[in-house]
Amino acid sequence: MKYNFDKAVVRCQTGSVKWDLAEDLFGMKGLLPMWVADMDFEAPKPVVDALEARVKHGIYGYTACMPSYYEAIMDWEKKRHGWNINREWIVFSPGVVPALSMLIQAFSSPGDKVILQLPVYYPFMDAVVNNKRRVLNNPLKLINGKYRMDFEDLEKKAVDPRAKLLILCSPHNPVGRVWTEKELATLGNICIENNILIVSDEIHCDLILKGYRHVPFASISGEFLANSVTCTSPSKTFNLAGLHVSNVIIADTKKRHNFSSKLKANGIIGPNAFGTVALEAAYRHGEEWLEQVLEYIQSNLEFLKKFVTGKIPQVRVIEPEATYLVWLDFRELGLGKKELQDLIRRKAGVALDDGYIFGDAEGAGFERINIACPGSILEEGLKRIEKALINL
Ligand SMILES: Cc1ncc(COP(=O)(O)O)c(C=O)c1O
């Protein structure tokens, strides 16, 4: 079937973080919400149908992940990313963010260091700090408009005996990079040499734009498989974040038991009744929707690039290779971080994620915009920014 992503669905009064909390969180009325990573699109029809059928059953008792749940994940990984995983490697988690905290608890001790590559999805930093570990920053380098890993710096930092984990964002939020196999291999080898476990957050792995290919870190070699943990979820791919379903793939038995014991210690015994249904329907029957949504995101991206180049050339677009999140460089305006925030929020009336939350030094002067919305909303948001810049 042909989906209509131009349709603007009213999300207010649904408890939507993006729409219903914007006023409180940003301290202003009437903002156009283009922040937080979920889409303003209805989920694939097979998912909605499966959930409707489950709702109609009327009994929502304790729920388990059945064999068909695991098979759907295995088939999806194989089909989309060419990665063969075993059933027993998969551990359910009610979200990637909670999984990250529990992985930190399982594989490091208070005072240890966790390597992050800033600017990066800010809950990585929260997970480290909230668990009383320290962030060891291996910042990305922006070279000729493209972000790259700094391996020289990583080699120096990885020798720190307190460095126990590296959380990899692959593809990377917010800079949109799809790491190449070569980049991943270099990173993986440095970590193995220094006995650092890689936690590869691959939540955005299905949202790959034209011309790029996602390589699951653990699929590169047996050594990498043994020295890594991979987080996946259908939540970004199919817009299901509110259903709290994700999976952690751990091939090494000892490591898997270690993580599973943390889940138990935190009282997490199983999924909710709807998350599993949605995951199976999405992985089994959602591909047609995914192909169409990717095309729509690609066309929104083309629109944004054209708009920015033609109408607000002071702003530079960091070309994303994946995700529906675009990292915009406002540094040419020479504004301080609060001045830029004021420009976007108060003067333009748009809710974006301020760059500095992804890294104080690395993100200052940037804003992250979410383009998984109807083209009309994207156009309105960009026009508001254009107007604010004219009046600057
Ligand atoms: C890199 C990354 N990891 C994790 C998450 C959130 O995961 P979850 O909703 O499963 O906790 C996001 C959401 O934007 C993300 O970008």
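The values are calculated or read from the model by the stated rules, or taken from the named source; none is laboratory data. As the structure is a computational prediction, the values presented were derived from the model and not from experiment. Glycine also receives a Cβ, built like all others from the backbone with ideal geometry; neighbour counts cover every protein chain displayed. Please note that ligands, DNA and RNA were not included when accessible areas were found on the heavy atoms of the full protein model with its side chains. Shrake-Rupley method; radii C 1.70, N 1.55, O 1.52, S 1.80 Å.
Worth a mention:
- Dipole check for the stretch 311-386: with +1 at the C-beta of Lys and Arg, -1 at the C-beta of Asp and Glu, and the Cα centre as origin, the magnitude is about 320 Debye.
- Fraction of antiparallel bridges per DSSP, the stretch 60-285 only, in percent to nearest 5: 40 percent
- The DSSP beta bridges internal to the chain are antiparallel in roughly 55% of cases.
- Inter-label distance, nm, simple model (7 Å from Cα along the C-beta direction), Ile143/Tyr212: 1.8 nm
- Arg80 accessible area, assembled protein chains, probe 1.4 Å, Å²: 60 Å²
- Violating pairs (Cα-Cα greater than 23 angstrom) within the set Lys210/Lys305; Lys113/Lys255; Lys132/Lys337: Lys132/Lys337
- Thr309, Thr230, Thr180, ranked by accessible area, largest first (probe 1.4 Å): Thr309, Thr180, Thr230
- Rel. contact order, % - alpha carbon contacts under 8 angstrom, at least six apart, the stretch 35-159: 14 percent
- Pairwise FRET efficiency - Glu295 versus Asp126, Cβ, R0 = 30 Å, nearest 0.05: 0.30
- Carbon plus sulfur fraction of accessible area for the stretch 60-285, probe 1.4 Å, in percent: 52 percent
- Reachable aspartates and glutamates, given that their alpha-carbon falls under 18 Å from the alpha-carbon of Lys156 and they are not under 8 places away in the same chain: Asp112, Glu183, Glu193
- A full extension of the chain between Arg346 and Asn86 corresponds to an added length of 88.5 nm, given 0.36 nm per residue minus the alpha carbon distance.
- Positive minus negative residues near Asn144 (Lys, Arg vs Asp, Glu; Cβ under 13 Å): +2
- Inter-label distance for Asn391 and Val55, nm, one decimal - labels placed 7 Å from Cα along Cα-to-Cβ: 4.1 nm
- Approximate spin-label separation Asn189-His257, in nm, with each point projected 7 Å along Cα-to-Cβ: 3.3 nm
- Dimensionless Rg ratio for the stretch 60-285, taking C-alpha atoms and the 2.2 N^0.38 Å reference: 0.97
- For the stretch 60-285, size of Cβ-based charge dipole, Lys and Arg +1, Asp and Glu -1, in debye: 240 debye
- Alpha-carbon spread of the chain, three principal axes, descending order, Å: 60, 57, 38
- Solvent-accessible heavy-atom area per residue, rounded to whole Å², over the chain at 1.4 Å: 43 Å²
- Dipole in debye (nearest 20) - the chain, about Cα centre, beta carbon charges: Lys, Arg +1; Asp, Glu -1: 480 debye
- In plain terms, the chain from Glu155 to Val48 could stretch by 33.8 nm, reckoned as 0.36 nm per residue minus the Cα-Cα distance.
- Note on the chain: helix-only mean residue ellipticity at 222 nm, from DSSP H runs of 4+ residues weighted -39500 (n - 2.57) and normalised by residue number, equals -12000 deg cm²/dmol.
- Taking a span of 27 Å or more along the helix axis (Cα atoms) and a mean Kyte-Doolittle hydropathy of at least -0.5 as the rule, the DSSP H helices of the chain that qualify are 287-311.
- Under-17-angstrom lysine pairs by C-alpha in the stretch 1-89, whenever the two are 8 or more apart or on separate chains: 4
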